[in-house]
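The values are calculated or read from the model by the stated rules, or taken from the named source; none is laboratory data. Fair warning: this is a prediction, and the values are worked out from it, not measured in the lab. Backbone-built Cβ (ideal geometry, glycine too); neighbour counts: all protein chains shown. To get the accessible areas, we keep the full protein, side chains included, count just its heavy atoms, and leave off ligands, DNA and RNA. Shrake-Rupley method; radii C 1.70, N 1.55, O 1.52, S 1.80 Å.
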Amino acid sequence: MRTEFVRSLNCNYARILLEEKPEEKRYQYCILNRGGIRGLLPCSLRYINGEAYLYYDISSKQNIKQLFGGRCITRSGVTDFLWSFRQIEQELGRFLLDRSNILWYPEQIYQDLESNVFSFMYFPYHEGDSGFKELLDFWVERIDYDDEVLVDCVYQMYEQYERNGEVYLQAKIYEDAKKLEVTEGSAASIKAVDTIYPVGKPVELFDEEWRKAEGEKAESEKAEPDKKKHLFSIFEGKKKKEREMRNNYRQSMQESMNGYAVAEETPYEEEYGRTIYLEGPSEGRNRKREICTPEGRILAELDRPITTIGKRKEEADIVLEDVSVSRLHARVVKEKEKYYIEDLNSTNGTFKNGLQLQPYERRELEPEDEIRTGRVLMVFR
């Protein structure tokens, strides 16, 4: 499912191309176009050059793939996410919308950085994969592996979803999420959580299915200890890979700080009548790039793979205290020897040499390029 990002007036949108012309008078399209459903991104159906698109308003929000791309997801982050979705489920039931049409892909789930509220994309009459497996893979790559409770909880979700699919999301996910509320001092200090029953299903039937699921879980834990050990080995492998990446990055940084490698010296023999050209070091080779003010004051050395620009001190590497700058406005990405400026769905836009970038668009930087974030002008050198 390809998502494009466009800017229109003062709003940013994520849009999805529909393969077929939709029946726009059907209930789900009508109710989405009406709007006002808490937890869902505002959505509208639009036609451009004869093709139908779903436009989702993502202004002032960040998708979690970008937001957590370079940092660990903590226990509280997973808990906030699950309880946000729990509240949205109640809204879906109130409007008689099918929960299987929620998209779980990390790049299609958004969070408001001021309120920390999550917003989801609802795709009417969606018949394909919802993306929950991709979300679990995303968590596996980025959760805090020092938190054993969190690791065990995500493992349970991973295992249960592989075994039961979408049924698990309806019956068991919130029960597993309760484990995240356990404090270190007391295993009994779990917050009271009201049970959500699927719309239209009798409570007695739900409870019977729940007990059956619990019995199956107990049997599976006895019969399949090797599977649990195997999944934990996957998690340990992820953790080991993360350590190796950090160590390799640290080592490469130390090597770059030690200066240039020096070739072995060769004795110089004087020869008359022969001109010898000595090649000096290239000025641009291995040079550390910088972000500066127009006057030349260095704001940051680009000595890391990602340098974030914004006014949120907890997240930004270059903090710009200007009302026109978003909390997470843009970032400079280093790939091999090239640098790129990327807009992070900013409100007032990111400009390279006067040309505005679309949300999440990335453009290559050259020395002396001007970067403008909102009203703040900077120079790449």
Q | Residues of segment 1-24 satisfying the condition of being open to solvent by 30 Å² or more (accessible area, probe 1.4 Å), assigned to a loop (DSSP other than H, G, I, E, B) and under 15 Å from PHE123 (Cα atoms) | A | MET1, ARG2, GLU19, GLU20, LYS21, GLU23, GLU24
Q. Only one of (1) exposed (fewer than 14 other Cβ atoms within 10 Å of the Cβ); (2) within 22 Å of GLU127 (Cα to Cα) is not met by GLN108, so which one is it?
A. (1)
Q | Pick from segment 319-341, criterion of a type in the set (A, V, I, L, M, F, W, C) and surrounded by 21 or more Cβ atoms within 10 Å (Cβ to Cβ), ranking: farthest from TYR13 (Cα to Cα) | A | VAL332
(Q) surrounded by fewer than 16 Cβ atoms within 10 Å (Cβ to Cβ) and either under 27 Å from ASP57 (Cα atoms) or of a type outside the set (Lys, Arg) (or both): which single residue out of LEU344, LEU355 fits that description? (A) LEU355
(Q) Quick check on segment 65-92: of everything there that is buried (at least 19 other Cβ atoms within 10 Å of the Cβ) and among the β-branched types (Val, Ile, Thr), which residue is nearest to ILE37 (Cα to Cα)? (A) ILE88
Q) Are there any pairs, at least 6 apart or on different chains, whose C-beta atoms fall under 8 Å, with the first in segment 348-366 and within 19 Å of TYR13 (Cα to Cα) and free of Cβ contacts under 8 Å to residues at least 60 places away in the same chain and the second open to solvent by 40 Å² or more (accessible area, probe 1.4 Å) and outside any strand (DSSP E or B), and if so, which? A) ASN348/ARG375
Q. Out of (1) among the small types (Gly, Ala, Ser); (2) open to solvent by less than 10 Å² (accessible area, probe 1.4 Å); (3) out of contact with any Leu (no Cβ under 7 Å at 6 or more places or on another chain), what's the single condition that is false for GLY131?
A. (3)
Q) Can you pull out the residues in segment 33-43 that are touching a helix residue (DSSP H, G or I) at 6+ places or on another chain (Cβ under 9 Å) and either open to solvent by 30 Å² or more (accessible area, probe 1.4 Å) or of a type in the set (Lys, Arg) (or both)? A) ARG38, PRO42
Q. If you take the residues in segment 64-111 that are charged (D, E, K, R) and out of contact with any Lys or Arg (no Cβ under 9 Å at 6 or more places or on another chain), which one is farthest from GLU141 (Cα to Cα)?
A. ARG94
**Q.** Flag for GLN90 being under 30 Å from LEU355 (Cα atoms), modelled with pLDDT under 90 and out of contact with any Ser or Thr (no Cβ under 7 Å at 6 or more places or on another chain)
**A.** no
**Q.** Single unsatisfied condition, THR307 versus (1) within 20 Å of CYS72 (Cα to Cα); (2) open to solvent by 60 Å² or more (accessible area, probe 1.4 Å)
**A.** (2)
(Q) Report every pair of residues separated by at least 6 positions or lying on different chains whose Cβ atoms are under 6 Å apart, first residue within segment 41-62 and without any contact (Cβ under 8 Å) to a residue 24 or more places away in the chain, second surrounded by fewer than 16 Cβ atoms within 10 Å (Cβ to Cβ) and among the acidic types (Asp, Glu). (A) LEU45/GLU24
**Q.** Scan of segment 111-123 for residues that are hydroxyl-bearing (Ser, Thr, Tyr), surrounded by 15 or more Cβ atoms within 10 Å (Cβ to Cβ) and more than 14 Å from the chain's Cα centre (by Cα), ordered by number
**A.** TYR122
